[in-house]
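Following: one structure in structure tokens, then a few remarks.
The values are calculated or read from the model by the stated rules, or taken from the named source; none is laboratory data. Only a predicted model underlies this, so the values are computations on that prediction, with no experimental measurement involved. Neighbour counts run over all protein chains shown; Cβ positions are idealised from the backbone, glycine included.
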Amino acid sequence: MAFYKLGSKFHNISRYNDAEECFLKSIELNPNYCDTYLLYTELLRSARRNNEAEHYLFKVLELDPKNCQAYFRLGCIYDEFGRMSELEAIFFTARELDPINCIRLLLFI
């Protein structure tokens, strides 16, 4: 948990290389902690490393199949690449799992 928190701090002050190092160490030490993957995918997406972000989001869904944030973030990646059929399916799944949270997340687009 310490590496996740440190990575989060580095991420917040735009020290992305340090943040990435901490997130990867956190994943190594605690591979079942979904929040690390979710924050790491933000870093990856901001660096336009969407394929890697997609990989880690699928890891979140493997660990927590009802994680609405992971579905939402996958949908954002699919939207950026014009993968509309996948986007539609992902948002439908997110809405089915957690309609209230899904609406809140859509307000941030």
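Observations on the model:
- Of 105, 74, 87, 24, all but one fail to be modelled with pLDDT of 95 or more, assigned to a helix (DSSP H, G or I) and of a type outside the set (Ser, Thr, Tyr); the exception is 24.
- When the range 73-89 is filtered for residues that are surrounded by 19 or more Cβ atoms within 10 Å (Cβ to Cβ) and among the charged types (D, E, K, R), only 73 remains.
- Scanning the range 47-65 for residues being in a loop (DSSP other than H, G, I, E, B) and of a type in the set (A, V, I, L, M, F, W, C) gives a total of 1.
One line per residue, one yes/no per condition, for (1) closer than 19 Å to residue 5 by Cβ; (2) surrounded by 15 or more Cβ atoms within 10 Å (Cβ to Cβ); (3) more than 16 Å from the chain's Cα centre (by Cα):
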position: 17; (1), (2), (3): yes, no, yes
position: 29; (1), (2), (3): yes, no, yes
position: 32; (1), (2), (3): yes, no, no
position: 41; (1), (2), (3): yes, yes, no
position: 56; (1), (2), (3): yes, yes, no
position: 62; (1), (2), (3): no, no, no
position: 65; (1), (2), (3): no, no, no
position: 71; (1), (2), (3): no, yes, no
position: 95; (1), (2), (3): no, yes, yes
